[in-house]
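Novice: My questions all concern the structure below.
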Amino acid sequence: MKSSADEPVVRTIVFQDDGTFPNNPRPLLLYSGVVPADPGAIESLFTANDWPSAWRNGVYPYHHYHSTAHEALGVYGGSATVQFGGRDGSAVTIRAGDVAVIPAGVAHKCLESSSDFRIVGAYPLGQSWNMCYGKAGERPTADQNIAAVPNPQKDPVQGEEGALPRLWQIS
């Protein structure tokens, strides 16, 4: 989706509940080449848009999701193939300069990565993440948590006028 010459193309993918991973009716947002390969610059951008950076590292090599917060990943080094949406989800390659915005409940797992793959992770201001693994007993509490997670006021890349406020409107 592209709404003006100044805005980057944002790829969206919606994942349905697969019985193990709840996923979310909000779409995963994928931006290509929108941030510099500089972790400090990505942290500053995210923080300026009310997504304070929380950590630097990679993506876990097992399916997991967060039921209490949305998550932004800004890639500043290398590349990785990440499976979003659980075992039957979509494998997506993300590279330095890319950003993925993952709605609460959407499973993600690193399938493979280059040795220099690095990301900045962030969560919207006021949201605290938890870890869920698709194990028996996590639901229905996880489903209730996901339904209660509010939409952020700002897109971590584009701010108030960004794709997130437009694309995450749920009827």
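Novice: So, in the stretch 124-152, exactly how many residues are farther than 15 Å from Pro27 by Cβ and touching a helix residue (DSSP H, G or I) at 6+ places or on another chain (Cβ under 7 Å)?
Specialist: 1
Novice: Does Tyr76 satisfy being aromatic (Phe, Trp, Tyr) and touching a residue at least 60 places away in the same chain (Cβ under 8 Å)?
Specialist: no
Novice: Let me ask something else about it. Scan the stretch 38-58 for residues that are hydrophobic (A, V, I, L, M, F, W, C), surrounded by 23 or more Cβ atoms within 10 Å (Cβ to Cβ) and either touching a strand residue (DSSP E or B) at 6+ places or on another chain (Cβ under 6 Å) or under 26 Å from Asp18 (Cβ atoms) (or both) and jot them down.
Specialist: Matches in the stretch 38-58: Ile42, Phe46, Trp51.
Novice: Next up: With respect to Ala163, determine if the residue is surrounded by 22 or more Cβ atoms within 10 Å (Cβ to Cβ), modelled with pLDDT under 95 and of a type in the set (A, V, I, L, M).
Specialist: Judged against the criteria, Ala163 is a match.
The values are calculated or read from the model by the stated rules, or taken from the named source; none is laboratory data. Owing to the predicted nature of the structure, the values given are computational and were not obtained by experimental measurement. All Cβ positions, glycine included, derive from the backbone under ideal geometry; neighbour counts span all protein chains shown.
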